[in-house]
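*Asks:* Let me begin by handing over the structure; questions about it come next.
The values are calculated or read from the model by the stated rules, or taken from the named source; none is laboratory data. Because the structure is predicted, anything quoted here is derived from the model rather than measured. Neighbour counts run over all protein chains shown; Cβ positions are idealised from the backbone, glycine included.
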Amino acid sequence: MEIQRIRAAVEAAAEQHGAFVVGLKALPGDRFTVYVDSMEAVTVEMLTKINREVTGQFDRDLEDFGLELSSPGMGSPFTEFRQYLKHRGRAVEVRTTDGRTLRGLLSEVDDQGIELRWTERQPKPVGKGKIDVERIERLGFDAIKETKRTYAF
């Protein structure tokens, strides 16, 4: 089974359910794991419907393959622009191509890049002690190595 055919079938079925493919792995024995995300929550029902639609497109007697669908998981890096849009207003961690790690609120997203906001403690300009200072940094997608959603428990 060709990976391109599986990808095309899953992408079409996912779009019908308001979802999109964020990753695909081909495994030995014509088994495929596909990661699907959505602007809303990815549900088991959604994944089941997508799986049924995809497997129904193939003659299973002629093309035997295994298909596993999953959401990307809490700690998975973003692979699609729509994931940035989904997580706007939420806490993220960004590793830049120059080796920095930034943590903050994903405040803006456009087709050029993102804007992060965070507060950091800095010494007062005059006197003793520290003050909270809001930092804002704009990053182009070419400067981003990896972005992940962060969670506070």
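*Asks:* Take THR101 and decide whether it is loosely packed, with under 15 Cβ neighbours inside 10 Å, outside the structural domain of GLY29 (by TED's automatic domain parsing) and either within 24 Å of ALA9 (Cα to Cα) or in contact with a Lys or Arg (Cβ under 9 Å, 6 or more places away or on another chain) (or both).
*Replies:* When the stated conditions are applied, THR101 passes them.
*Asks:* Take the residues in segment 21-59 that are part of a loop (DSSP other than H, G, I, E, B) and either touching a Leu at 6+ places or on another chain (Cβ under 8 Å) or of a type in the set (A, V, I, L, M) (or both); name whichever of them is nearest to GLU2 (Cα to Cα). Break it down into steps so the answer makes sense when it comes.
*Replies:* Taking segment 21-59 and keeping what is part of a loop (DSSP other than H, G, I, E, B), we get 28-30, 39-43, 56-59.
Narrowing the set further to residues that are either touching a Leu at 6+ places or on another chain (Cβ under 8 Å) or of a type in the set (A, V, I, L, M) (or both) leaves 39, 41-42.
Numbers: MET39: 28, ALA41: 29, VAL42: 26 Å.
Here the residue is VAL42.
*Asks:* What number of residues in segment 76-89 are assigned to a loop (DSSP other than H, G, I, E, B) and in contact with a Phe, Trp or Tyr (Cβ under 9 Å, 6 or more places away or on another chain)?
*Replies:* Keep residues of segment 76-89 that are assigned to a loop (DSSP other than H, G, I, E, B), which gives 76-80, 87-89.
Applying the additional criterion that residues be in contact with a Phe, Trp or Tyr (Cβ under 9 Å, 6 or more places away or on another chain) yields 76, 78-80, 87.
Here the count works out to 5.
*Asks:* Considering each residue of segment 99-153, count those that are in a strand (DSSP E or B), within 17 Å of TYR84 (Cβ to Cβ) and aliphatic (A, V, I, L, M), and give that number.
*Replies:* Adding up the residues that qualify gives 9.
*Asks:* Here's another thing I want to ask about it. Scan segment 48-55 and tell me whether some residue there is aliphatic (A, V, I, L, M), touching a strand residue (DSSP E or B) at 6+ places or on another chain (Cβ under 8 Å) and assigned by TED's automatic domain parsing to the domain that holds GLU15. So that I can check it myself, show each step before the final result.
*Replies:* First, pick out the residues of segment 48-55 that are aliphatic (A, V, I, L, M): 50, 54.
Keeping just the survivors that are touching a strand residue (DSSP E or B) at 6+ places or on another chain (Cβ under 8 Å) gives 50, 54.
Still in the running and assigned by TED's automatic domain parsing to the domain that holds GLU15: 50, 54.
Among the residues of segment 48-55, at least one is aliphatic (A, V, I, L, M), touching a strand residue (DSSP E or B) at 6+ places or on another chain (Cβ under 8 Å) and assigned by TED's automatic domain parsing to the domain that holds GLU15, which makes the answer yes.
*Asks:* Scan (1) under 30 Å from ALA13 (Cβ atoms); (2) outside any strand (DSSP E or B); (3) in contact (Cβ under 8 Å) with a residue 12 or more places away in the chain for the single condition LEU62 breaks and write down its number.
*Replies:* Unmet condition: (3).
*Asks:* Just to be sure before I move on: is GLU68 in contact (Cβ under 8 Å) with a residue 60 or more places away in the chain, out of contact with any helix residue (DSSP H, G or I) (no Cβ under 8 Å at 6 or more places or on another chain) and surrounded by fewer than 16 Cβ atoms within 10 Å (Cβ to Cβ) in the structure I sent?
*Replies:* In short, no.
*Asks:* For segment 16-36, indicate whether the set of residues that are buried (at least 19 other Cβ atoms within 10 Å of the Cβ), small (Gly, Ala, Ser) and out of contact with any Cys (no Cβ under 9 Å at 6 or more places or on another chain) is non-empty.
*Replies:* yes
*Asks:* In segment 1-20, what residues are in contact (Cβ under 8 Å) with a residue 40 or more places away in the chain and farther than 26 Å from ASP61 by Cβ?
*Replies:* PHE20
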